[in-house]
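Student: So that we are looking at the same thing, I have put the structure below in structure tokens.
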Amino acid sequence: MCFQVFAHAKIEQHKIFGTVTQCGNPDIRLSNTRVSTDYGQIEVATNYNGEYEIPDLYPGYYDLVFSKITYKEQSVRIKLDGTQDVQLDICMCQDIDFVFKTPTPLDPVYQGDSFYLTIEVEGGCKPYEFSIQGSLPMGLTLDPEEGVISGTIEINKNNKGNFPFVVKVVDYSGAVYTKNYSITVYELPYFVTQTLKSVIVNYPFKKIIRVVGGKRPYTYSMISGDLPQHVTLSPTGILEGTPTEIGETYFVVKVVDANGRKIEHGFTLTVVDELVITTPRLDVAIVGEVYNMKLTAVGGSYGPYQWEFASEVIPRNITLDKDSGVLSGTPRDAQKIPIIIQVRDTDGHIAKADFLFYAVQKLEIANLNLSPGLINTEFSEFISIQGGVPPYTFACSDNLPDGLSLDPTTGIISGVVNVAETIQLNITVIDSTYPKSQKDEERVTIIIDEDFKFTTN
């Protein structure tokens, strides 16, 4: 209820007059509104402009009653002092029960979203004053006059979950109305999986395209592009199959969360050859000499590869460079050790190979002076070898004396010599060191003596 009183110059007859409007909307003037007073049961009605006038009133107090169908009745006590007319403008409230028209629950929202919601109400007496009891999500505010909650939902790890609050409305008459609401805020869903590692041709694989945020469960689908043959994407985001052809494919995945929020992301899936270590065997190392050998591999995602020992036992004084795949060092003792070496490509594919690391002493002919022999007696001596890798091959660059021969595989010099002499031979031995044989050449001496003779004096 509202009214305004204005003073006017003194007149002989006094009256009460004014305009009746609708509360909250003064442009609506209420015609045919009944205005009555307890004095003489006077009753008038407003005209089409909502104006009324009660003339010829004596000084005193008057209880005016304003009534109109569909509007709440208003009562006002006013005093006439006998010196002036009184202007009384009044607004009337519609006789409608107050109701919150904005339904619950409210639709869920996501961080980063723009938000605009009008708390719609009806009834009571306009204008209204709105307020919030509780907390709104960060980034939102309430307009107390319009009842509009608006803003942009802040992207913040703490700005998610359910935010309950109470909307309080006070109408023009002072009546208070409340209703419970809540806004549920979700993190924006996004693809944790941004890229796919390559897969090996003719090998089964299984990958999960991971998404977080939003509301589970998610539904996955491929909306464009192609997958390799024999590869499928399930509605739960599992990419699996056994690709049969090498190549690269591109496809776009759409994910819809339980609230209907959609996100899309493009992926490239590359099918590659199997990763294989191509080094067939390790070079033989020579004790005391610098060793250097580069390992090789093909396939996989084609590097850069990462190399490492995969066995507990590794060669002594030998290292493996993880980036270049070079075995290097200087072995200090002979060793014959089975080892495992593995290589890893950039996508995590692994290949392993078993090797034998073999370090041997330098090849040498050990006995330069063979045991002496006797003429006309069977002679048989072998050339002793130290180091190297058997089998060995022996050769003599000189002409052997008549009756002697050299076995090229055993290194045995044998036969019968019928002349006493000192024989010197250039002997060469070649071993089976991989990949390059060792060779030693020495001058070997054989003494052939005469038979022992016993004499009697």
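A short reminder: the numbers here are calculations on the coordinates, not readings from a lab. What you are looking at is a predicted structure, and each value in this text was computed from that prediction instead of being measured. Using ideal geometry, Cβ is built from the backbone for each residue, glycine included, and neighbour counts are taken over all protein chains shown.
Student: Do you know the relative contact order of the stretch 190-272, to the nearest whole percent, from alpha carbon pairs under 8 angstrom that are 6+ apart?
Tutor: Over the stretch 190-272, the number comes to 37 percent.
Student: Oh, and also: Compare the Cα positions of SER31, GLY260, VAL272 along the charge dipole of the chain (+1 at Cβ of Lys, Arg; -1 at Cβ of Asp, Glu; about the Cα centre) and return the one farthest towards the positive end.
Tutor: Toward the positive end, the furthest listed residue is SER31.
Student: For the stretch 99-186, what's the relative contact order in percent, using C-alpha pairs closer than 8 Å and at least 6 residues apart?
Tutor: Normalised by residue count, the contact order of the stretch 99-186 is 36 percent.
Student: Which residues' amide hydrogens lie under 5 Å from the amide hydrogen of ILE385, considering only partners 5 or more residues apart or on another chain, with H built in the peptide plane?
Tutor: Excluding prolines and chain starts, which carry no amide H, the hits are ALA366.
Student: A further question on this structure: Could you sort 101-109, 169-177 so that the peptide with the highest average Cβ count within 10 Å comes first and the rest follow in order?
Tutor: In descending order of packing, they fall as 169-177, 101-109.
Student: Over the chain, what is the relative contact order in whole percent, taking alpha-carbon pairs under 8 Å and six or more residues apart?
Tutor: 8 percent
Student: Based on the mean of other Cβ atoms within 10 Å per residue, sort peptides 255-261, 219-225 so the most packed one is first.
Tutor: 255-261, 219-225
Student: State the label only: which of (i) 34.1; (ii) 27.0; (iii) 22.7 corresponds to Kirkwood radius over Cα pairs in Å computed from the shown model?
Tutor: It is the value labelled (i).
Student: Per residue of the stretch 388-403, what does 6.51 cos²θ - 1.76 cosθ + 1.60 with θ = phi - 60° give for ³J(HN,Hα)? Whole Hz please, x for Gly and Pro, Karplus curve as stated.
Tutor: Once rounded to whole Hz, the list reads x, 10, x, x, 10, 10, 10, 8, 10, 7, 9, 7, 5, x, 4, x.
Student: Moving on to the next point. Between GLU308 and THR377, what is the label-to-label distance in nm when each label sits 7 Å out along the Cα-to-Cβ direction?
Tutor: Those two pseudo-labels are separated by 6.6 nm.
Student: In the stretch 75-142, which chymotrypsin sites (Phe, Trp or Tyr not before Pro) fall in coil by DSSP and have 15 or fewer other Cβ atoms within 10 Å?
Tutor: For chymotrypsin sites (Phe, Trp or Tyr not before Pro) across the stretch 75-142 that sit outside H, G, I, E and B with at most 15 neighbouring Cβ atoms in 10 Å, the list reads PHE98.
Student: Something else: Across the stretch 128-145, in residue order, what do the Karplus-derived ³J(HN,Hα) couplings come to in whole Hz, using 6.51 cos²θ - 1.76 cosθ + 1.60 with θ = phi - 60° and x for Gly and Pro?
Tutor: After applying 6.51 cos²θ - 1.76 cosθ + 1.60, I find 9, 10, 9, 8, 10, 10, x, 10, 8, x, 4, x, 10, 9, 10, 7, x, 8 Hz.
Student: I've got another one for you. How big is the dipole moment of the chain about its Cα centre under a simple scheme where the beta carbon of each Lys and Arg is +1, that of each Asp and Glu is -1, and everything else is neutral? Debye, nearest 20, please.
Tutor: 1220 debye
Student: Which percent, nearest 5, of DSSP beta bridges in the chain are antiparallel?
Tutor: Approximately 90 percent, going by the DSSP bridge assignments.
Student: Still on this structure: In the stretch 136-167, what GluC sites (Glu not before Pro) fall in a loop by DSSP, with at most 13 other Cβ atoms inside 10 Å?
Tutor: Passing both the DSSP loop test and the Cβ count: GLU145, GLU146.
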